[in-house]
Every structure is written in structure tokens, then in C-alpha cells.
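Please read the structure below before turning to the comments.
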Amino acid sequence: MIEKKIHNLLANEFTSFPNSELQDYYKLLFQAVYGAEHMITTYNDCLKALENEMSQIEADINCPLYSDITLSLPLIRVNLLKCKAENIDHHKISQAFFDGAKIDSKIPATKFETYLNFAAKELKKQPFNFNEQYLEEFIKNVKKLDFPTVHHSETYKKNYKPHYRVIPFQIWEKQFSKNFHNV
């Protein structure tokens, strides 16, 4: 079951972002497993970072509001470009992100490594075609570093301008009275 979910997660990412690099798929898997639990210090820091980021981006009404990155806990990547276009309240976004970051996934590193190894098997195949030796070396390196958080690749940043927050879907829905859909 989880293998199918990981396959679908990777395939959906490839469909949306075909120039993704290995570290981008790793980042996606990390976020799908751990959410934003590694990201937060205080609500005020969260709000300040969001407002700073929102002031530097251009609104995009044509992108989806969120993308589903669910593996076990239903998680979404909320697109800040669309939030800016829809004039969605920064305080509500920050509160949803902050509340979601408090949720501990309780997934041990050994289980994440199992998921990562399965993802690597998928990433060797079409349409990804990552080199097996490159995959093995990457996994060896992130394991040595105790599976750290990473940034998107420069290629991903240049092509896709990622600006989002990872939020549990139930918290997103609860935070907003309006029912948003991924349109």
C-alpha cells in the first residue's frame, strides 16, 4: 500500500515538475513523511517569514492552491503564489502551518530509510531514469547525515519558483471557513 502511494507521489511530482532533481524528490518524500515538524520555532517567526516571502513573490491565479503529498497523514503543499492571488489571510496561513508543525509524525529514521529505498527503486525506472550508482551514493550520504532537511535544487527553483507551506489537510480545512478546492 505505501509502495503504491510513494509511486503515485513521485509520478505526480514528475508530471507537474519534470525537471526535478534527485534532491527535489528526496525533499518531497521527507515532507510527505514528516510534514513541517522540523520547520518551526515560534508563531511570530512563522508569520514574519511568511510575510517576508509573500512580499517578494508575484501572485499567480493560474496555479493550483495546493497539491496533495499524502502518504499517511493527509498533507498538502499550499502554494503561496495562489494564496497571494486569492488574498488569503497571512495570519490564517501561518496559524495552519504552525499548528501542523506541532504534529509529530512518529516515523523513525529506519522507516524513512525504507521509504527512501523504495523511492530509489522507482526513480531508476521510466520516466525518471536516475543512475543507480548516483542514487546509492545519494542515499549513503543523506543517511550519514541522519536524513537532513534539504532545499530544492537550483534547477527546481529556477524552473518552478517554489513558494509553499506544508500543512495537514484537516488543519487547512479547519482554519478556513471557505472550502477551497485544488483548481
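Residue by residue, here is whether (1) touching an Asp or Glu at 6+ places or on another chain (Cβ under 8 Å); (2) basic (Lys, Arg); (3) over 24 Å from residue 40 (Cα atoms); (4) not in a loop (DSSP other than H, G, I, E, B) holds:
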| site | (1), (2), (3), (4) |
| --- | --- |
| 95 | no, no, no, yes |
| 107 | no, no, no, no |
| 110 | no, no, no, yes |
| 121 | no, yes, yes, yes |
| 127 | no, no, yes, no |
| 130 | no, no, yes, no |
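Residues in the range 85-106 that are free of Cβ contacts under 8 Å to residues at least 40 places away in the same chain and in contact with a helix residue (DSSP H, G or I) (Cβ under 6 Å, 6 or more places away or on another chain): none.
Take residue 73 and decide whether it is in a loop (DSSP other than H, G, I, E, B), aliphatic (A, V, I, L, M), touching a residue at least 60 places away in the same chain (Cβ under 8 Å) and within 26 Å of residue 15 (Cα to Cα). When the stated conditions are applied, residue 73 passes them. For the residues 69, 57, 107, the requirement of being closer than 20 Å to residue 166 by Cα, surrounded by 13 or more Cβ atoms within 10 Å (Cβ to Cβ), among the hydrophobic types (A, V, I, L, M, F, W, C) and touching a strand residue (DSSP E or B) at 6+ places or on another chain (Cβ under 8 Å) singles out 69.
If you check residue 27 against the conditions, is it within 14 Å of the chain's Cα centre (by Cα), assigned to a helix (DSSP H, G or I) and of a type in the set (Lys, Arg)?
Answer is yes for this residue.
Within the range 77-97, the set of residues being hydrophobic (A, V, I, L, M, F, W, C) and under 18 Å from residue 30 (Cα atoms) comprises 78, 97. Looking only at residues in the range 4-46 that are among the aromatic types (Phe, Trp, Tyr) and in contact with a Leu (Cβ under 8 Å, 6 or more places away or on another chain), which one is surrounded by the fewest Cβ atoms within 10 Å (Cβ to Cβ)? Per the criteria, the residue is 26.
Note on the range 80-93: among residues that are crowded, with 22+ Cβ neighbours inside 10 Å and either modelled with pLDDT under 95 or not β-branched (Val, Ile, Thr) (or both), the one that is farthest from residue 7 (Cα to Cα) is 83.
Taken over the range 112-133, the residue count meeting the criterion of being in contact (Cβ under 8 Å) with a residue 24 or more places away in the chain and surrounded by 13 or more Cβ atoms within 10 Å (Cβ to Cβ) is 10.
The values are calculated or read from the model by the stated rules, or taken from the named source; none is laboratory data. Fair warning: this is a prediction, and the values are worked out from it, not measured in the lab. Glycine also receives a Cβ, built like all others from the backbone with ideal geometry; neighbour counts cover every protein chain displayed.
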